[in-house]
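Beneath this line is the structure, given in structure tokens, with notes to follow.
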Amino acid sequence: EPIHALNADQQLAIASTFKLYVLGELVRQVQGGTVSWETPVTITDTLRSMPSGDYAAMPSGQQATARDLAAAMMAHSDNTATDHLIGLLGREQVQGAFAAYGHADPAANEPLLMTRELFAIKMWQTTEWMARYIAAPDAEQLQILTEDIDPMYLNPFGGWGHWNGPTAIEGIEWFASANDLCRAMNAIWAAGQQPGMEPVRDILTGNRGVVADTATWPRAGFKGGYEAGVVNATYVLERTDGRVFFV
């Protein structure tokens with residue numbers, strides 16, 4: 001039930017807040033029995049992304065559980081953990097989570113970008129390349145990602161290339177509205193009530209953001225998205241009286 005809203009249906013770039021939908025797809029697949037919280041995932045260079053997050057520096061061959069990756073993705077916005085989760089769940093399946101969680105324009109996020117792909121594009125591709133990519137239809141964009149971007153190796157400690165300001169934020173990004181994000185956070189939070197889904201709320205509250213008042217808000221969860229030219233902050237807040245807010 002909306003309390004306050006301003007331009008709440010406007011689709012905007014959200015940067016790392018798209019990871020809510022990755023978590024949402026993990027929730028759906030755990031519910032469906034396709035994966036479990038303890039499903040092991042092997043770290044590989046082909047899914048290595050840039051910081052933030054410690055998994056960028058984890059040696060290839062080491063393993064982490066799906067729950068570990070999700071916790072790092074939400075608490076530290078770990079990009080390498082995110083891409084390994086997408087690899088486990090499937091790009092098309094995570095792409096489908098936007099519609100499943102009530103996104104008003106899920107096609108705006110097709111084909112779904114992995115974090116390493118967005119970094120590789122904005123760090124190393126030319127303005128002309130980006131313009132061609134944006135103008136291409138979805139199927140061609142996916143082919144371009146597969147052929148031009150996915151073979152690139154990212155060095156997490158090798159600098160940020162020529163990415164030094166807002167870059168293609170209206171075309172090479174992830175998009176949602178305030179209403180979309182509140183709906184998604186609400187649905188994921190509600191899933192935590194179901195048997196076997198207890199980790200969901202712990203994962204969602206792994207980062208409290210700027211909510212320091214634990215007396216009024218005993219549980220708070222935050223997912224931010226920050227990129228040059230892009231700022232998003234999406235919260236779940238549980239008050240001492242048990243009322244829950246999504247902001």
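The values are calculated or read from the model by the stated rules, or taken from the named source; none is laboratory data. Since we're looking at a predicted model, the values are computed, not measured. All Cβ positions, glycine included, derive from the backbone under ideal geometry; neighbour counts span all protein chains shown. Ligands, DNA and RNA are stripped out before the accessible areas are found, and what is left, the full protein with its side chains, is counted by its heavy atoms. Shrake-Rupley method; radii C 1.70, N 1.55, O 1.52, S 1.80 Å.
Observations
- When residues in segment 27-50 are screened for being under 30 Å from residue 158 (Cβ atoms) and either in contact with a helix residue (DSSP H, G or I) (Cβ under 9 Å, 6 or more places away or on another chain) or surrounded by 21 or more Cβ atoms within 10 Å (Cβ to Cβ) (or both), 10 of them pass.
- Checking each residue in segment 1-57 for being acidic (Asp, Glu) and over 20 Å from residue 145 (Cα atoms) picks out 1, 9, 25, 38, 54.
- Remark: pairs (first residue in segment 40-67, over 23 Å from residue 15 (Cβ atoms); second residue modelled with pLDDT under 95; Cβ separation under 7 Å; 6+ apart in sequence or on different chains) = 45/153.
- Hey, residue 220 buried (at least 16 other Cβ atoms within 10 Å of the Cβ) and more than 30 Å from residue 127 (Cβ to Cβ) or not: yes
- Those residues of segment 30-76 which are of a type in the set (Phe, Trp, Tyr) and out of contact with any Gly (no Cβ under 9 Å at 6 or more places or on another chain), in sequence order: 55
- Test result for residue 146, open to solvent by 20 Å² or more (accessible area, probe 1.4 Å), of a type in the set (S, T, N, Q), closer than 26 Å to residue 55 by Cβ and modelled with pLDDT of 95 or more: yes
- All positions within segment 74-90 that are under 23 Å from residue 208 (Cα atoms) and among the hydrophobic types (A, V, I, L, M, F, W, C): 74, 75, 81, 85
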